[in-house]
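J.: Dropping the structure in here first, questions after.
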Number of protein chains: 2
Amino acid sequence: MTEAYARYRERMSEIQALNSALSLLSWDQETLMPPRGLASRSTTRAALAGLVHDRATDPALGALLEGLAGTGQDAAAAANVRESLRDYRRAVRVPRDLVTELAETTTLAQQAWAEARTRNEWPLFAPLLGRIVGLKRREAEALGYRDEPYDALLDEYEPGARAADLARIFAEVRTALVPLVEAARRDPADRGEDLLRGGLPVAGQDALGRHILKDLGFDLEGGRLDLSAHPFSTQIAPGDVRLTTHYDADDLQKSLYSTIHEAGHGMYEQGLPADQVGLPLGEAVSLGVHESQSRLWENQIGRSRAFMSYLLPLLRRHFPGRFDGVAPEQLDRAVNVVRPSAIRIEADEVTYTLHIVLRMELERALLRGEIDVADLPSLWNERMRADLGVVPADDAEGVLQDIHWSFGLFGYFPTYALGNLYAAELHLAAKRDLPGLDDEVARGDFLPLLTWLRERIHRHGRELAPRELVHAATGREPGAGPYLDYLRAKFGALYAV
Amino acid sequence: MTEAYARYRERMSEIQALNSALSLLSWDQETLMPPRGLASRSTTRAALAGLVHDRATDPALGALLEGLAGTGQDAAAAANVRESLRDYRRAVRVPRDLVTELAETTTLAQQAWAEARTRNEWPLFAPLLGRIVGLKRREAEALGYRDEPYDALLDEYEPGARAADLARIFAEVRTALVPLVEAARRDPADRGEDLLRGGLPVAGQDALGRHILKDLGFDLEGGRLDLSAHPFSTQIAPGDVRLTTHYDADDLQKSLYSTIHEAGHGMYEQGLPADQVGLPLGEAVSLGVHESQSRLWENQIGRSRAFMSYLLPLLRRHFPGRFDGVAPEQLDRAVNVVRPSAIRIEADEVTYTLHIVLRMELERALLRGEIDVADLPSLWNERMRADLGVVPADDAEGVLQDIHWSFGLFGYFPTYALGNLYAAELHLAAKRDLPGLDDEVARGDFLPLLTWLRERIHRHGRELAPRELVHAATGREPGAGPYLDYLRAKFGALYAV
């Protein structure tokens, strides 16, 4: 290791320490912090975020990285330098006054959004959203792009992704899914969902969740499971990856699938190389790939027929008497229901991506200046009717439902859909490489799949661009095919479509 | 507020943010952190501590403070500048190589101490303790002192305290207490301690503890109660003060009194002026005064006859059936037992201070070079026999029992004894100012006392030196008198002495 590379690692390790503290401050705020701690916590987080920003944009770091780039390091060091230089150049392109203005505007916007949603008054939020769109356009210009401003924003969450490519793939998805949704909606059969509804004690749900976490391979000696209003996962540091869930005694599916979903995220974090902590090779490659991990475990595995054979005995153990006489097929039906909803976070496997495609198209058009913030409510509702056959009762369950835009997150939603697509790509390839996968899942042996994911995805960190990583893992150019085939096969069997 | 003062506040607020993150990292480590998180957590904490140290010793901060000192600010600003300058000058006096050597040596010493205690092998720890004593002598020389090196170390925890003064007061305490202990030991009466031993469900202990916290005035909307191996309290930030306790179904006294003790610490932190956060006026004045708050609530209040009238109905509520037919007098006897033990943390109200006096005398003699580390085990055991009539079975329960020296904490123990003395001083003055105090305690109305403490102690932060603060609160020069009178009166009534 050269002396310059050592100095680079030292700088990165200081940033890592600050980020680790920030992760804990955020996690704690969502899980345990007493209510009166909020004001101080915001101040503390802002101060630490400022210290991180100063370090990440320090010209001395830039000079060090420029000096290191292209010198004859080993492949790992070269990848770290390449990606850190990429991060540095992105960070310094955005002028400080724009960073400040975005922070101030989004702070106001978050409050305005919360009030607008509670009171169902879109005009309370619209002007601030308009300002945010303007600022994001300026940010995109500052960051630079080849084809269109949206690409510059996408690149933050999904390095190298381009709006035009995504739009093409998403159009294919939409064309295929809209009729599938329509057909499923016409199927009048009872799905037997009551099986997992009502009178399911929280203690049993918690024990079940922990049991499954352990079986899946989430290391609880190197992580935790706690409660929060909205489930999330976060890596505090290597050896400390935390998941949250949320229990509702009337609804087992919520906690069951949010726990499995977050475990997918958490196992990705636990599989990143610990010796590269704080460096790009120790980081997740993109939000899309991150979401592919959560979705694969949640849907391709957790909602598979094979998983029901594994799950049923556990349900019987943790809810004595409740699941006597139930067959795996009944579970399979109950957890695979297509039912269009106005609300994204309540969406099923088939309709979810349609919610995302709608959002991305609106964001892209806003950034291009083709539509105005004032047009959003009606465009939203029209598209919901066209794609899902559902019209939101009001703006609160329509255009105001998501918090993301109030945070200035544009280009973020598409990563959810990419996650669905990548999950299907990876699952297909894993089934090819692991011919016994279904049997293994049925008997609760998840190690072969986890090992495959560790090898193909987790251990690589940011070695390759996300799309190239998935390509290398599967041997094929990622697209919509496996995702659509998977949905057609699964719901074709379960529904009269 | 002048521009220079604003810059000072800004610097302090950055340090505060880092310290707040450090507090959360420590709290989390003791309560929730998964085991595999330890290595990363140590790295993160060390990095943040380094950032704090850099800022606290930044010559630019020193210059700013020197410039501000003596300029015509208001009294609060002047007090902040005076105390910050004091902290700055102390911090820069210790050379960096000594700081590093102490950190490295104490890290090794902590491991060696743990092993030495487990294996009961003093020689595993003695050489490292010898090195630590040498380093602490160097630290004392670097810090400077008027009379003796020990004063320089004491000053870190109890600003302005002098070894000679403490030694004089502690000698008086010892002269008075040794016969009291001796007499109590000869009293053969059963103390009825089984009342609070065995079969006390943890859920009941937890509910009882939270009930009492609320009644005492600890704000659970601005704080938490959690579990840890050793109870402690910490302020993460204003509005976020956390206590921990430890439950043992066979021993109610442990959790009951550790919860009340930590609540005393916590209410002090909650009573510090939030608008002075990160500045000396927003900080506790000393460890001795801090301990006076915990001890006053734990002992003068929590083990008083009046408190038993309050406690008994709660015990009946949280442990149905268990306390039927029990009288407050029986509780009073059971929680006020004098029983010399070799172990400090198991010590009762009367013997506790004697454990401390022993430690301070040994520390002081080591720093003066009058004794050698090799002499410690025999000196320790002789003194235990002389003062408490107890001889430790081995070094593990003798000279190796405390972790403090392995951390380099010399001059720290005396603050525990000062806490006991100050608690008695404050209690005496509070009783004078609040003639109905006993009745209020008996009916669970703790607000008058808390208000008195807020007014006399909490709200002042570091406005006065600790001894002057207690003097101002009570109207008398602090000494051993009230403490000894309190113990004689209480145990005179309970024991045949």
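J.: Find the residue count for region B:466-488, including only residues that are farther than 20 Å from B:HIS290 by Cβ and either under 20 Å from the mean Cα position of the chain (by Cα) or of a type in the set (Val, Ile, Thr) (or both).
T.: First pass over region B:466-488, keeping only residues farther than 20 Å from B:HIS290 by Cβ: B:475-477, B:481, B:484-485, B:487-488.
Remaining after also requiring either under 20 Å from the mean Cα position of the chain (by Cα) or of a type in the set (Val, Ile, Thr) (or both): B:484, B:487.
Residues that pass the stated criteria total 2.
J.: State the number of residues belonging to region B:449-477 that are touching a Pro at 6+ places or on another chain (Cβ under 9 Å) and touching a residue at least 24 places away in the same chain (Cβ under 8 Å). Reasoning before the result, please.
T.: Of the residues in region B:449-477, the ones touching a Pro at 6+ places or on another chain (Cβ under 9 Å) are B:458-463, B:465-467, B:470-471, B:474, B:476.
Next cut, touching a residue at least 24 places away in the same chain (Cβ under 8 Å) only: B:458-463, B:465-467, B:470, B:474, B:476.
Total satisfying the criteria: 12.
J.: Shifting gears a bit: May I ask you to list the residues in region A:380-395 that are within 10 Å of A:ALA342 (Cβ to Cβ) and either outside the structural domain of A:ILE343 (by TED's automatic domain parsing) or touching a residue at least 60 places away in the same chain (Cβ under 8 Å) (or both)?
T.: If the condition is that a residue be within 10 Å of A:ALA342 (Cβ to Cβ) and either outside the structural domain of A:ILE343 (by TED's automatic domain parsing) or touching a residue at least 60 places away in the same chain (Cβ under 8 Å) (or both), then A:LEU388, A:ASP394 are the ones that fit.
J.: When region A:12-66 is examined, which residues are found to be among the polar types (S, T, N, Q), at the interface with chain B (Cβ under 8 Å from one of its Cβ atoms) and farther than 24 Å from A:ASP275 by Cβ?
T.: Listed by number, the residues that qualify are A:SER40, A:THR43, A:THR44.
J.: Is it the case that B:GLY444 is out of contact with any Pro (no Cβ under 6 Å at 6 or more places or on another chain), crowded, with 24+ Cβ neighbours inside 10 Å and on the phi > 0 side of the Ramachandran plot?
T.: So B:GLY444 fails the test.
J.: For residues that are surrounded by fewer than 21 Cβ atoms within 10 Å (Cβ to Cβ) and among the β-branched types (Val, Ile, Thr), scanning just region A:338-372, find the one that is nearest to the chain's Cα centre (by Cα).
T.: Step by step, filter region A:338-372, then rank; the result is A:ILE345.
J.: Restricting to region B:425-451, what's the tally of residues that are in contact with a Gly (Cβ under 8 Å, 6 or more places away or on another chain) and not in a helix (DSSP H, G or I)?
T.: The total comes to 1.
J.: Please count how many residues of region A:31-42 are crowded, with 18+ Cβ neighbours inside 10 Å and assigned to a helix (DSSP H, G or I).
T.: The qualifying residues number 4.
J.: A further question on this structure: Can you go through A:LEU421, A:LEU453 and tell me which one is farther than 22 Å from A:ILE212 by Cα, among the aliphatic types (A, V, I, L, M) and crowded, with 21+ Cβ neighbours inside 10 Å?
T.: Being farther than 22 Å from A:ILE212 by Cα, among the aliphatic types (A, V, I, L, M) and crowded, with 21+ Cβ neighbours inside 10 Å holds for just one of A:LEU421, A:LEU453, which is A:LEU421.
J.: Oh, and also: Among residues belonging to region A:1-11 that are farther than 19 Å from B:ARG45 by Cα and in contact (Cβ under 8 Å) with a residue 40 or more places away in the chain, point out the one that is farthest from the other protein chains (Cβ to nearest Cβ).
T.: Ranking the qualifying residues of region A:1-11, first place goes to A:THR2.
J.: Sticking with this one: Of the conditions (1) assigned to a loop (DSSP other than H, G, I, E, B); (2) more than 25 Å from the chain's Cα centre (by Cα), B:GLU382 satisfies every one except a single condition; which number is it?
T.: (1)
J.: What pairs can you find where one residue is in region A:222-241 and more than 7 Å from chain B (Cβ to nearest Cβ) and more than 16 Å from A:GLY264 (Cβ to Cβ), the other is surrounded by fewer than 19 Cβ atoms within 10 Å (Cβ to Cβ) and of a type in the set (Asp, Glu), and their Cβ atoms are less than 8 Å apart, with a gap of 6+ or different chains?
T.: As it stands, the answer is A:SER228/A:GLU30; A:ALA229/A:GLU30; A:HIS230/A:GLU30, since those pairs meet every condition given.
J.: Based on this model, can you work out whether A:LEU279 counts as over 19 Å from A:VAL441 (Cα atoms), away from chain B (no Cβ under 13 Å) and surrounded by 18 or more Cβ atoms within 10 Å (Cβ to Cβ)? Before the answer, list the steps.
T.: Values: over 19 Å from A:VAL441 (Cα atoms): yes; away from chain B (no Cβ under 13 Å): yes; surrounded by 18 or more Cβ atoms within 10 Å (Cβ to Cβ): yes.
Yes.
J.: Let me ask something additional. Test A:GLY209 against the stated conditions and say whether it is in the same structural domain as A:ARG339 (by TED's automatic domain parsing), within 23 Å of the chain's Cα centre (by Cα) and in a helix (DSSP H, G or I).
T.: yes
J.: Okay, next question. Considering each of A:LEU51, A:LEU65 in turn, give the residue that is of a type in the set (A, V, I, L, M, F, W, C), farther than 30 Å from A:ARG242 by Cα, in contact (Cβ under 8 Å) with a residue 24 or more places away in the chain and not assigned by TED's automatic domain parsing to the domain that holds A:PRO238.
T.: Numbers: A:LEU51 fails: farther than 30 Å from A:ARG242 by Cα.
It is A:LEU65.
J.: Would you mind stating whether B:LEU129 is more than 26 Å from the chain's Cα centre (by Cα) and either part of a helix (DSSP H, G or I) or in the same structural domain as B:LEU367 (by TED's automatic domain parsing) (or both)?
T.: It is false that B:LEU129 is more than 26 Å from the chain's Cα centre (by Cα) and either part of a helix (DSSP H, G or I) or in the same structural domain as B:LEU367 (by TED's automatic domain parsing) (or both).
J.: Additional query: Give me the pairs, please: first residue somewhere in region A:259-276 and on the phi > 0 side of the Ramachandran plot, second residue anywhere and crowded, with 24+ Cβ neighbours inside 10 Å and not in a helix (DSSP H, G or I), beta-carbon distance under 8 Å, and either six or more positions apart or on two chains.
T.: The qualifying pairs do not exist here.
J.: Among A:ALA63, A:ALA77, which is buried (at least 16 other Cβ atoms within 10 Å of the Cβ), in a helix (DSSP H, G or I) and small (Gly, Ala, Ser)? Talk me through it step by step, then tell me what you get.
T.: Details: A:ALA63 fails: buried (at least 16 other Cβ atoms within 10 Å of the Cβ).
After ruling out the rest, the residue left standing is A:ALA77.
J.: Suppose we filter A:GLU269, A:GLU262 for residues that are within 14 Å of chain B (Cβ to nearest Cβ), touching a strand residue (DSSP E or B) at 6+ places or on another chain (Cβ under 9 Å) and either modelled with pLDDT of 95 or more or closer than 15 Å to B:LEU32 by Cα (or both); which single one remains?
T.: Only one candidate qualifies: A:GLU269.
J.: Going by the conditions given, is A:ARG191 touching a helix residue (DSSP H, G or I) at 6+ places or on another chain (Cβ under 9 Å) and of a type outside the set (A, V, I, L, M, F, W, C)? Reasoning before the result, please.
T.: Details: touching a helix residue (DSSP H, G or I) at 6+ places or on another chain (Cβ under 9 Å): yes; of a type outside the set (A, V, I, L, M, F, W, C): yes.
For A:ARG191, the condition - touching a helix residue (DSSP H, G or I) at 6+ places or on another chain (Cβ under 9 Å) and of a type outside the set (A, V, I, L, M, F, W, C) - is met.
J.: Can you pull out every residue in region B:394-415 that is among the β-branched types (Val, Ile, Thr) and outside any loop (DSSP other than H, G, I, E, B)?
T.: Listed by number, the list holds a single entry, B:THR415.
The values are calculated or read from the model by the stated rules, or taken from the named source; none is laboratory data. Quick caveat: nothing in here was measured; it's all calculated off a predicted structure. Because the Cβ atoms are built from the backbone with ideal geometry, glycine has one as well, and the counts that use them run over all protein chains shown.
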